[in-house]
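J.: Let me begin by handing over the structure; questions about it come next.
The values are calculated or read from the model by the stated rules, or taken from the named source; none is laboratory data. Please read all numbers here as calculations on a predicted model, not as lab measurements. Positions of Cβ are generated from backbone atoms using ideal geometry, with glycine treated the same way; all protein chains shown enter the neighbour counts. Surface accessibility is based on the protein's heavy atoms, side chains included, excluding ligands, DNA and RNA. Shrake-Rupley method; radii C 1.70, N 1.55, O 1.52, S 1.80 Å.
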Amino acid sequence: MKYEINEGTLAVIPTERNKSKVLEDQGEYIIENTPFEILDYSCKYFGSSYEGRKEGTKAILNINYKVPIIVENSRNLIFFPTNSPTSDDCMWISLRNIKCVTEEEFNSTKIKFNNGVELIVPISKRTIENQVLRASRLDLIMRNRKVNEK
């Protein structure tokens, strides 16, 4: 099954080899692709590629690692990785659907989404907040560019 990231996608989480759990605002799905493959397919579905989106973000934000990706610009579908995108345990989180982030025990973080779904990630709160900040900067820059074009 091919899966396109959409406005309701909250997170794409690796499960077992070459499979992912996709959390959506109305449920969850097991997809027989890695999170990276889902992200790349979604970028291509919306007319670009992961590499093209990554290079664009690198140029805009002047960063080189754990780069947030604009999957689709007009709907502000921006996702950020929890780890290196090439890592088997990298999750992709939707910026637009995050309500809050709280610190948990054992260097982990709880991400609460707007619909009340909670996701515990084995990453420090500081790291997640840094990724949210990067993705938010990207979102702000792109929104300002849209406004200035009119």
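J.: Tell me what the chain gives for mean residue ellipticity at 222 nm when only DSSP H runs of n ≥ 4 count, each as -39,500 (n - 2.57), the sum divided by the residue total, rounded to 500 deg cm²/dmol.
T.: Values: 3 runs with 48 residues, N = 150.
Roughly -10500 deg cm²/dmol at 222 nm, from the helical runs in the chain.
J.: In whole percent, how big is the carbon plus sulfur part of the accessible area of the chain, probe 1.4 Å, protein atoms only?
T.: Numbers: 3710 of 8210 Å².
In the chain, the share of accessible area belonging to carbon and sulfur is 45 percent.
J.: What's the center-to-center distance, using Cα atoms, between segment 57-81 and segment 1-44 in Å?
T.: Each part's Cα centre sits 17 Å from the other's.
J.: Accessible surface of residue 34 in the full protein assembly, 1.4 angstrom probe, to the nearest 10 Å²?
T.: 40 Å²
J.: Same structure, new question: For Cα extents along the principal axes in Å, which listed value, [x] 44, 34, 29; [y] 51, 35, 28; [z] 54, 37, 29, comes from the coordinates shown?
T.: Entry [x].
J.: Then there is this: Averaged per residue, what accessible surface does the chain expose to a 1.4 Å probe, in Å²?
T.: Using a 1.4 Å probe on heavy atoms only, each residue of the chain averages 55 Å².
J.: Which is the longest stretch in the chain that no exposed loop site breaks, taking sites as GluC sites (Glu not before Pro) with a DSSP loop state and at most 13 other Cβ atoms within 10 Å?
T.: For GluC sites (Glu not before Pro) (loop position, at most 13 other Cβ atoms within 10 Å), the longest site-free span of the chain is 33-104.
J.: List nothing, just return the count: lysine pairs in segment 87-150, 8 or more apart or interchain, with Cα separation under 19 Å.
T.: Values: 99/110; 99/112; 99/125; 110/125; 112/125.
Lysine pairs, 8 or more places apart or on different chains, close enough: 5.
J.: OK, next. Can you find, among 38, 98, 117, the residue sitting farthest towards the positive end of the charge dipole of the chain, where Lys and Arg contribute +1 and Asp and Glu -1 at Cβ?
T.: 98
J.: From Cα pairs below 8 angstrom and at least 6 apart in sequence, can you work out the relative contact order of the chain, rounded to a whole percent? Could you put the intermediate results ahead of the total?
T.: Numbers: 263 pairs, mean separation 26.7, N = 150.
Averaging sequence separation for qualifying contacts and normalising by length gives 18 percent for the chain.
J.: Let me ask you something else. How much FRET efficiency would the formula 1/(1 + (r/R0)^6) give for residue 146 and residue 51, where r is the Cβ-Cβ distance and R0 is 35 Å, rounded to 0.05?
T.: Plugging the Cβ-Cβ distance into 1/(1 + (r/R0)^6) gives 0.90.
J.: Continuing with this model, one more query. Whose amide H sits under 5 Å from the amide H of residue 63, counting only residues 5 or more places off or on another chain, with H placed in the peptide plane?
T.: Correct list: empty.
J.: Sorting 111, 30, 123 by accessible area (1.4 Å probe), largest first, what list results? Mind showing how you got there, number by number?
T.: Details: 111 0, 30 100, 123 25 Å².
Sorted descending by solvent-accessible area, the residues read 30, 123, 111.
J.: Order 40, 88, 25 by their accessible area, 1.4 angstrom probe, all chains in place, largest first.
T.: The ordering from most to least exposed comes out as 88, 25, 40.
J.: What ³J(HN,Hα) values, in whole Hz, does the Karplus curve 6.51 cos²θ - 1.76 cosθ + 1.60 give for segment 7-18 when θ = phi - 60°, with x put for Gly and Pro?
T.: 4, x, 6, 9, 7, 10, 10, x, 10, 10, 3, 6
J.: Estimate the FRET efficiency between residue 88 and residue 58 by the formula 1/(1 + (r/R0)^6), using the beta-carbon distance for r and 30 Å for R0, to the nearest 0.05. Before the final figure, lay out each step's value.
T.: Working: r = 23 Å, r/R0 = 0.76.
Computed FRET efficiency for residue 88 and residue 58: 0.85.
J.: Would you mind checking segment 14-47 for residues with the amide N under 20 Å from a putative spin-label position 7 Å along Cα→C-beta of residue 120?
T.: From segment 14-47, the list is 14-16, 21-24, 28.
J.: Provide the per-residue ³J(HN,Hα) series for segment 130-137, in order, calculated from phi with Karplus coefficients 6.51, -1.76, 1.60 and θ = phi - 60°, each as a whole number of Hz, with x at glycine and proline positions.
T.: For segment 130-137, the Karplus-derived couplings read 5, 5, 4, 4, 4, 5, 5, 4 Hz, x marking Gly and Pro.
J.: Residue-wise, which Karplus ³J(HN,Hα) couplings in Hz belong to segment 67-77, taking 6.51 cos²θ - 1.76 cosθ + 1.60, θ = phi - 60°, and x for glycine or proline?
T.: Coupling constants for segment 67-77: 7, x, 10, 7, 6, 8, 6, 5, 9, 6, 8 Hz.
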